[in-house]
Ligand SMILES: Nc1ncnc2c1ncn2[C@@H]1O[C@H](COP(=O)(O)OP(=O)(O)OP(=O)(O)O)[C@@H](O)[C@H]1O
Ligand SMILES: [Mg+2]
């Protein structure tokens, strides 16, 4: 199979549209006939990454590559960067303000979930420049 | 537990998916934090929440949850119901508070995971 490549822009601060990219990707994965648990893992990873870009980074871009044996998600933003990645990875750690919390986000579970559901997680971040999160989900 | 039983136990109103009341749910989760819901997805297929916004439907969509019950008498808007309908998600609204709603279902045998 030729690799399938998808690319989605993610608007910053748009809580209504947030999740649209993940939703579209999930539909494509279903059409490709991938196993349900693989689709679910990829969808959750992408959704958490997408929400983080909307909330913390004023948007960005999500690139997806699907090959025979894995799905690679690449979430790129030009936001503020993450000062302390180890801290950000802790369950319950969040810098989200009251407005974000009132929408149901800010539990500090997003990055831990991305780690939980992916087989590989890399975070490349620089203060004032932006953050790139790469996740790989194995198929089979 | 059958969705029709969930409806009855929670004195809920079905806002979409009325024709699917014979379907079963194996377990449930209750939270207002969406990432909390995303953390424990395995077999849970019912969500109880007091949070009402489109991201609830997104969360349910990503995790393949079958049914969402909005508690505390909260009524989602038409846009949210439409999103759910498009995605084949059953939506109910119950007057019970979150704790009580979870307790009622749990005491009738619907467990967490
Ligand atoms: N793309 C990003 N750019 C800048 N900061 C980020 C980014 N992603 C995460 N962070 C920082 O890492 C923290 C932890 O992220 P995480 O996703 O785990 O929790 P959250 O987004 O705050 O809450 P939740 O995901 O539970 O709704 C955030 O509060 C934020 O400070
Ligand atoms: Mg997050």
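The values are calculated or read from the model by the stated rules, or taken from the named source; none is laboratory data. Keep in mind the model is a prediction, meaning the values are calculated, not measured. Cβ coordinates were reconstructed from backbone atoms using ideal geometry, including for glycine residues, and neighbour counts include every protein chain displayed.
The figures follow:
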quantity	calculated
2 or more residues within 26 Å of residue A:37 (Cβ to Cβ): qualifying helices (runs of 4 or more DSSP H) within region A:59-140	A:110-117
Enumerated strands (runs of 3 or more DSSP E) restricted to region B:17-97, each holding at least 2 residues that are within 14 Å of chain A (Cβ to nearest Cβ) and buried (at least 18 other Cβ atoms within 10 Å of the Cβ)	B:28-30, B:46-49, B:67-70
Pairs, first within 9 Å of chain B (Cβ to nearest Cβ) and near ligand 1 (Cβ under 8 Å from one of its atoms) in region A:41-52, second at pLDDT 95 or above and in a helix (DSSP H, G or I), C-beta under 8 Å, six or more apart	A:48/A:110; A:48/A:111; A:48/A:113; A:48/A:114; A:51/A:110; A:51/B:55
Flag if residue B:101 is farther than 30 Å from residue A:21 by Cα and surrounded by 20 or more Cβ atoms within 10 Å (Cβ to Cβ)	yes
Residues located in region A:99-134, provided they are touching a strand residue (DSSP E or B) at 6+ places or on another chain (Cβ under 7 Å), within 14 Å of ligand 2 (Cβ to nearest atom) and within 14 Å of chain B (Cβ to nearest Cβ)	A:114, A:115
Yes/no for residue A:68 being buried (at least 17 other Cβ atoms within 10 Å of the Cβ) and either within 10 Å of ligand 1 (Cβ to nearest atom) or under 21 Å from residue A:26 (Cβ atoms) (or both)	no
Single match in A:96, A:107 (criterion: surrounded by fewer than 22 Cβ atoms within 10 Å (Cβ to Cβ) and near ligand 1 (Cβ under 8 Å from one of its atoms))	A:96
Positions within region A:15-40 being on the phi < 0 side of the Ramachandran plot, within 11 Å of chain B (Cβ to nearest Cβ), assigned to a loop (DSSP other than H, G, I, E, B) and in contact (Cβ under 8 Å) with a residue 12 or more places away in the chain, in sequence order	A:15, A:18
